[in-house]
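Input: a single structure, listed below in structure tokens.
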Amino acid sequence: MDRYAHWAFPPRSALRNAREALTAISASVADRLALTAVLADDEGEPGALSAMTAAECHEQLAAGVLGRLAYIARADTPDIVPVNYVMDGVDILIRSGPGPKLQAAERGARVAFEVDAVDSATRTGRSVVVIGRATRLRPAEQRQHEDGPAPWASGPRDAVIRIRPTRVTGRRLS
């Protein structure tokens with residue numbers, strides 16, 4: 001028997017595994033498409049989840065002062081921390097002290113930033129998620145932003161982190 005024959009005729013278990021994987025992927029894609037259709041069709045219905053426009057996302061970001069920064073701290077360990085922020089055009093500015101947040105910015109890490117408004121009594125709310133690169137402002141750039149952001153937590157927070165968005169998405173729950 002040819003030593004390469006197994007490539008032409010894979011074992012039945014490999015074919016079964018491939019079929020099962022294809023079925024699972026197809027089901028997952030169908031579920032995601034169904035959710036996307038709901039986002040587009042059910043706007044305004046009670047309990048409906050709908051996409052926010054870019055303008056609504058920017059408005060939500062501009063109105064906030066407290067958000068959550070998600071980044072990789074060390075050794076592939078994700079971390080999410082509450083931070084005070086201000087908007088600088090479309091960029092997000094956060095004041096930070098020494099530590100893993102600042103280290104992530106110094107290495108130019110991709111980060112996520114989220115701000116939301118939730119009313120648990122009515123079960124409604126909005127959430128905006130920003131994906132982008134974090135960088136530490138140079139001293140000359142930082143002097144232009146001395147008036148903000150103002151952290152609520154005490155302690156030395158002399159560095160400013162800039163998040164330059166590459167993607168902004170928002171969802172509204174009616």
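Based on protein heavy atoms only, the stretch 83-141 ends up with 49 Å² per residue of surface accessible to a 1.4 Å probe. Listed peptides 162-168, 92-98 appear in the order 92-98, 162-168 once ranked by packing, highest mean of other Cβ atoms within 10 Å at the front.
The values are calculated or read from the model by the stated rules, or taken from the named source; none is laboratory data. Since the structure is predicted, the reported quantities are computational estimates derived from the model, not experimental observations. Cβ sites come from the backbone with ideal geometry, for glycine too, and all protein chains shown count toward neighbours. The area values use the complete protein model at the heavy-atom level, side chains included, leaving out ligands, DNA and RNA. Shrake-Rupley method; radii C 1.70, N 1.55, O 1.52, S 1.80 Å.
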